[in-house]
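The values are calculated or read from the model by the stated rules, or taken from the named source; none is laboratory data. This is a predicted model, so every value here is computed, not measured. Note: ideal-geometry Cβ built from the backbone for every residue, glycine included; neighbour counts use all protein chains shown. To get the accessible areas, we keep the full protein, side chains included, count just its heavy atoms, and leave off ligands, DNA and RNA. Shrake-Rupley method; radii C 1.70, N 1.55, O 1.52, S 1.80 Å.
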Amino acid sequence: LAELVGRFCAQAFPGPFPRVEVRYRGEVAGRSTVILTNLLLKGLLEPMVDEPVTQINSSAIAQSRGIVVVESQVRGEDDDGGITLEGPEGVRVGAVLTSGGIRLRDVEGFRVDIAPSPYMLLCHHIDKPGIIGRTGTVLGEDGINIAGMQVGRERIGGESVMLMQLDDRVATSTLRRIVEVAGIVSARPIDLTGLVGEG
């Protein structure tokens, strides 16, 4: 869970990350979280640096890059163990470990509830009719199947996020076509292979 949150954040919100806050809640709060934070930093740093990142050296690499890491713990917020990673300018990813597995619950403050998959696509868009359908059409035309999807929004017609579980990696050419869909603000592929199994 910790490493997955870090890797998701690194791909959803390309850095730099001068400061990150890691918030633990539920059953993990009150316990030592050193290993979890090191794994989270491993996931966060691996896509950004050329050198090998491990659970052992991730904290030192973060420190060498001037990344300030702040931890906090909240007990009794829910029955599931959860981790939220927050950074500057709205960067935020939250996930919980339930009896059914990992669930992504928070992306940039938008409420979602979806299991991570090896290949995902995160789109920021304006909430209006037709955008989801047109995005799905682009993926379908390029032979990419959507296994599941969640949309998070604050209000009708406002900014929203669309998070998709995909069966295959999204090509750069496909991303370019998706960004050209009217109302799509950004589209970022998320690769979690090795951290979650095939659906």
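Worth a mention:
- Descending Cα extents along the principal axes, the chain, whole Å: 47, 39, 32
- Extension reserve of the residue 111-residue 134 stretch, reckoned as 0.36 nm per residue once the Cα distance is removed: 6.0 nm
- Per residue accessible area in Å² of segment 111-166, where ligands, DNA and RNA are left out and the probe is 1.4 Å: 46
- Accessible carbon and sulfur surface of the chain relative to its total accessible area, %, 1.4 Å: 48
- For the pair segment 116-193 and segment 6-30, the centres of their Cα atoms are 23 angstrom apart.
- Separation in nanometres of the label points that stand 7 Å from Cα toward Cβ, at residue 154 and residue 50: 4.0
- Per residue, in Å², the accessible surface of segment 1-108 once ligands and nucleic acids are set aside, probe 1.4 Å: 48
- Between residue 147 and residue 179, residue separation times 0.36 nm minus the direct Cα-Cα distance comes to 9.5 nm.
- Principal-axis tilt of helix 131-141 within the chain, Cα atoms, nearest 10 degrees: 80
- Gain on full extension, evaluated as 0.36 nm per residue between residue 68 and residue 32 minus their Cα-Cα distance, stands at 11.1 nm.
- Cut-off 15 Å between beta-carbons: net charge of the residues surrounding residue 50, Lys and Arg +1, Asp and Glu -1: 0
- Seen from residue 171, the other residues with C-beta closer than 11 Å to its C-beta sum to a net charge of +1, counting Lys and Arg as +1 and Asp and Glu as -1.
- Packing-based ranking, highest mean first, of 2-9, 19-26, 184-191, 153-160 given that Cβ atoms within 10 Å are counted: 2-9, 19-26, 184-191, 153-160
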